[in-house]
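Undergrad: Got a structure for you, questions after.
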Amino acid sequence: MNITDFLSVLHIAEKLKNTIRHSYTSNGRHESVAEHTFRTTLMAYFIKDEFPEADIDKVIKMCLIHDIGEAFTGDIPAFEKTLADENIEKRLLMDWVNHIPTPFNTEMFYLYREMEEQQTIEAKLYKALDGLEAVIQHNEADLSTWSENEYELNLTYAEDKCEFSPYLRRLRAVIKEETKKKIIDRKGETL
């Protein structure tokens, strides 16, 4: 990739550092999309031994690019995002992808299509990790940062995305127990 195109791609990626997510970090500040992307990608790297049948390099690529569209639209929490929002983000993202030099534009196009179709183990794995990272981050944040609907959502979010894998179902169950403990410890309630 020539230097001008390379820098152009990096300038778009930098926007993800400044794009704030709904989630908070453990020290009370809003998380950026770039931070979410980093840890989702790190998760893929560290679970590669659990999925020997998966192309983990492809999963890592999917995790790296999965939220680039938010550089153009900002982050909209999953529980607020509409189909219209998704379509706008997809259109803006594909416009950008089409202007990236070959072979990167072609590879990204096929990765995004595979991610959207959710038919391969790699696509399913990326999608599960994306959801699980969000739940883990909520568990690490103070309960005062949660919206009212997140008490229930954090107990169920991404369960459907983990169904294909015994390992991910077990991981989701442990994360759910962390959520319950957090709520009980803070509110003194039983679940």
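Undergrad: Being under 15 Å from THR40 (Cα atoms), touching a residue at least 12 places away in the same chain (Cβ under 8 Å) and among the aliphatic types (A, V, I, L, M), is that true of even one residue in the range 150-158?
TA: yes
Undergrad: Still on this structure, please answer the following. Exactly one condition in (1) assigned to a helix (DSSP H, G or I); (2) under 30 Å from ARG170 (Cβ atoms); (3) in contact with a strand residue (DSSP E or B) (Cβ under 9 Å, 6 or more places away or on another chain) is false for THR41; which is it?
TA: (3)
Undergrad: Something else: Just checking, which of GLU80, GLU114, GLU89 is without any contact (Cβ under 8 Å) to a residue 24 or more places away in the chain, part of a helix (DSSP H, G or I) and of a type outside the set (Phe, Trp, Tyr)?
TA: GLU89
Undergrad: Criterion first (loosely packed, with under 13 Cβ neighbours inside 10 Å, under 15 Å from the mean Cα position of the chain (by Cα) and closer than 19 Å to ALA134 by Cα) does TYR24 satisfy it?
TA: The answer is no for TYR24.
Undergrad: In the range 161-191, which residues are farther than 23 Å from GLU31 by Cβ and modelled with pLDDT of 95 or more?
TA: GLU163, PHE164, SER165, PRO166, TYR167, ARG169, ARG170, ALA173
Undergrad: Can you give me the number of residues within the range 64-97 that are farther than 15 Å from ARG21 by Cα and aromatic (Phe, Trp, Tyr)?
TA: 1
Undergrad: Among the residues of the range 140-157, count how many are surrounded by fewer than 19 Cβ atoms within 10 Å (Cβ to Cβ), out of contact with any Gly (no Cβ under 9 Å at 6 or more places or on another chain) and in a helix (DSSP H, G or I).
TA: Within the range 140-157, residues that are surrounded by fewer than 19 Cβ atoms within 10 Å (Cβ to Cβ), out of contact with any Gly (no Cβ under 9 Å at 6 or more places or on another chain) and in a helix (DSSP H, G or I) number 6.
The values are calculated or read from the model by the stated rules, or taken from the named source; none is laboratory data. Note that the structure is predicted; figures quoted are calculated from it, not measured. FYI the Cβ positions are ideal-geometry reconstructions off the backbone, even for glycines, and counts take in every protein chain you see.
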